[in-house]
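Read-outs throughout are calculated quantities, based only on the coordinates presented, and are distinct from any laboratory measurement. Since we're looking at a predicted model, the values are computed, not measured. Cβ placement follows ideal geometry from the backbone for every residue including glycine, while neighbour counts extend to all protein chains displayed.
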């Protein structure tokens, strides 16, 4: 590779590093930014000026700090407008192929949740949930969504009549609250036969660009008697949590810093 190409790539990497710095802080002075990036102040100044000219950064006040500019805001809006199904599809494909199980994508709809996508590589399965089906938030993967709603909403959901889909479906409010507390700590839920007998569902919350939980990802597994090998279960839990996090990131959420705070 020529020196010219090397220099171009280095310049691109440094410009991206400057933009990434705004993930952690909404504004930067030139000196602080140079120290943060461990770069010469003159080098950072040239990068900042180029980004400012293209609208990715702005300096509202002379000698004041730099902020993300209108071009960066436009990119952020583009991320927010992405379709959940379109964004998540490749992640579902990867999860279904790597685990050999049914991958499900859910979206909250009032007190219920809707299956908006399903992918399975094995047509011979006991999993009965199909695209378009709705289920109460108290059952199965819905708890991975319900656990991260505000208290008044949870109270409202649990005060209403709760459908029992199988003998294993929890319908006691106090018991469900205990489950929600557990999910808040582990960020996943393992349900055994709550929607379909002889299946185990492993679900995790998906966050939108503002950090809100309105969706969930789930792997559903045929498990006669509700039994699953512990090693296999650990593997699936890890796969589900990682996939949900990847979908959240693809939607525009960065852990600890919602998109809205960065624009």
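Some notes on this structure:
- Stretching residue 90 away from residue 16 to a fully extended chain increases their span by 24.1 nm, per 0.36 nm per residue minus the current alpha-carbon distance.
- Expected 222 nm ellipticity per residue - DSSP helices of 4 or more, -39500 (n - 2.57), all of the chain, to 500: -15000 deg cm²/dmol
- The stretch between residue 74 and residue 168, if pulled fully straight at 0.36 nm per residue, gains 29.1 nm over its current Cα-Cα span.
- For region 128-248: rounded, prolate or oblate by the Cα gyration tensor [a/c cutoff 1.5]: oblate
- Here is the size of region 167-222 from its Cα atoms: Rg then Dmax, 12.3, 37 Å.
- By average C-beta atoms within 10 angstrom, highest first, the peptides 53-63, 19-29, 200-210, 179-189: 200-210, 179-189, 19-29, 53-63
- Taking the empirical scaling 2.2 N^0.38 Å for compact globular proteins as reference, the chain has a Cα radius of gyration ratio of 1.24.
- Coarse-grained scattering of region 101-186 at q = 0.15, 0.24, 0.25 Å⁻¹, given as base-10 log I(q)/I(0) from a Debye sum over alpha-carbon atoms: -0.57, -1.23, -1.29
- Full-extension gain in nm, residue 153 to residue 41, via 0.36 nm per residue minus C-alpha separation: 35.3 nm
- Relative to the dominant Cα principal axis of the chain, helix 41-53 is inclined by about 70°.
- Nearest 10 degrees, 0 to 90: helix 84-99 Cα axis against the chain principal axis: 60 degrees
- Taking only the C-alpha atoms of region 14-90, the Rg (one decimal) and the largest Cα-Cα distance, Dmax (whole number), read 14.4, 46 Å.
- Modelled FRET efficiency - R0 51 Å, residue 97 with residue 31, Cβ distances, 0.05 increments: 0.55
- Relative to the dominant Cα principal axis of the chain, helix 3-24 is inclined by about 60°.
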